[in-house]
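Participant: Handing you a structure now.
The values are calculated or read from the model by the stated rules, or taken from the named source; none is laboratory data. Every value quoted in this text rests on a predicted model; they were computed, and no experiment measured them. No Cβ is skipped: glycine too gets one built from the backbone with ideal geometry, and neighbour counts run over all protein chains shown.
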Amino acid sequence: MDDETMAGFLAELASPAPAPGGGAAAALQAALGAALVSMVCNLTIGRPRYAEHETTMLSARSGADKARAEALALAAADARAFAAVSDAYKLPKGTDEERAARSRAIQTALVTAAEVPLRTAAVAAAVVGLCARIIDGANVNVLSDVGVAAASARAALDSAAINVRVNTAVMTDADARERATAALAGHLTSVATADSIVRAVGERIGS
């Protein structure tokens, strides 16, 4: 992803190839939100009017830069996880031993495939948290971008949740399924925060 152009990524996404797909798109949404948080911080840091928020902005920028890098890495990881699931389904199943080995491989791959969007959801939730931290001290000229960042992170949360659930739906390991479901529920508590941020920005900009 580091060397990929936006046009190139979108062309791959639009192609008949199954990967990159929705998981990578979810991660990119989180990365976009993180990048906007960094931008808002950069346009607030060093401005005398916002001097009292300098420490918060510096910390939030550091967190956003880290989140953006992690989200981009997850976009690439999602394609690899999908390939592993696809390869597992292609394993031979002519004998009982082969069918058992294939089943184990599929279940192992599904756990990993669910873990990637779970991590994306965690990053997206972190971006929402960063938006909540900076909204009160953000440069008013880019306040709308805080709202867009929160909306992007919320979209990432919703999208990641879909990708977690498509994998847990076919997991036979009840414990693994329950762990993934519980972890996802924890991250999705940030959806309400994201919505409140978007509303607050709308109110402050008069929309």
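Participant: Restricting to segment 166-180, what's the tally of residues that are exposed (fewer than 15 other Cβ atoms within 10 Å of the Cβ) and assigned to a helix (DSSP H, G or I)?
Facilitator: Qualifying residue count, segment 166-180: 3.
Residue-by-condition table, conditions (1) of a type outside the set (A, V, I, L, M, F, W, C); (2) in contact with a helix residue (DSSP H, G or I) (Cβ under 9 Å, 6 or more places away or on another chain); (3) surrounded by fewer than 20 Cβ atoms within 10 Å (Cβ to Cβ):
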{"residue": "ALA19", "(1), (2), (3)": "no, yes, yes"}
{"residue": "ALA24", "(1), (2), (3)": "no, yes, no"}
{"residue": "ILE45", "(1), (2), (3)": "no, yes, yes"}
{"residue": "GLU52", "(1), (2), (3)": "yes, no, yes"}
{"residue": "MET57", "(1), (2), (3)": "no, yes, no"}
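Participant: Let me ask something additional. Checking the conditions here, which among VAL127, VAL142, VAL123, VAL146 is surrounded by fewer than 22 Cβ atoms within 10 Å (Cβ to Cβ) and β-branched (Val, Ile, Thr)?
Facilitator: VAL142 is the lone residue from the list that is surrounded by fewer than 22 Cβ atoms within 10 Å (Cβ to Cβ) and β-branched (Val, Ile, Thr).
Let's see how each residue does on (1) loosely packed, with under 15 Cβ neighbours inside 10 Å; (2) farther than 26 Å from GLU4 by Cβ:
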{"residue": "ARG61", "(1), (2)": "no, no"}
{"residue": "ALA71", "(1), (2)": "no, no"}
{"residue": "ALA76", "(1), (2)": "no, no"}
{"residue": "PHE82", "(1), (2)": "no, no"}
{"residue": "VAL85", "(1), (2)": "no, no"}
{"residue": "LYS93", "(1), (2)": "yes, yes"}
{"residue": "GLU97", "(1), (2)": "yes, yes"}
{"residue": "ALA100", "(1), (2)": "yes, yes"}
{"residue": "ILE106", "(1), (2)": "no, yes"}
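Participant: Under 7 Å between Cβ atoms, at least 6 apart or on separate chains: pull out the pairs that start in segment 158-169 with a residue that is closer than 12 Å to GLY21 by Cα and end on any residue that is basic (Lys, Arg) and modelled with pLDDT of 95 or more.
Facilitator: none
Participant: I've got another one for you. Does GLY202 satisfy the condition of being at negative phi, outside any helix (DSSP H, G or I) and not hydrophobic (A, V, I, L, M, F, W, C)?
Facilitator: Judged against the criteria, GLY202 is not a match.
Participant: Here is a further query. With the condition kept exactly as written, say whether any residue in segment 37-56 is touching a residue at least 12 places away in the same chain (Cβ under 8 Å), outside any helix (DSSP H, G or I), more than 30 Å from GLU4 (Cα to Cα) and not β-branched (Val, Ile, Thr).
Facilitator: Checked against the condition, which is being touching a residue at least 12 places away in the same chain (Cβ under 8 Å), outside any helix (DSSP H, G or I), more than 30 Å from GLU4 (Cα to Cα) and not β-branched (Val, Ile, Thr), segment 37-56 yields at least one hit.
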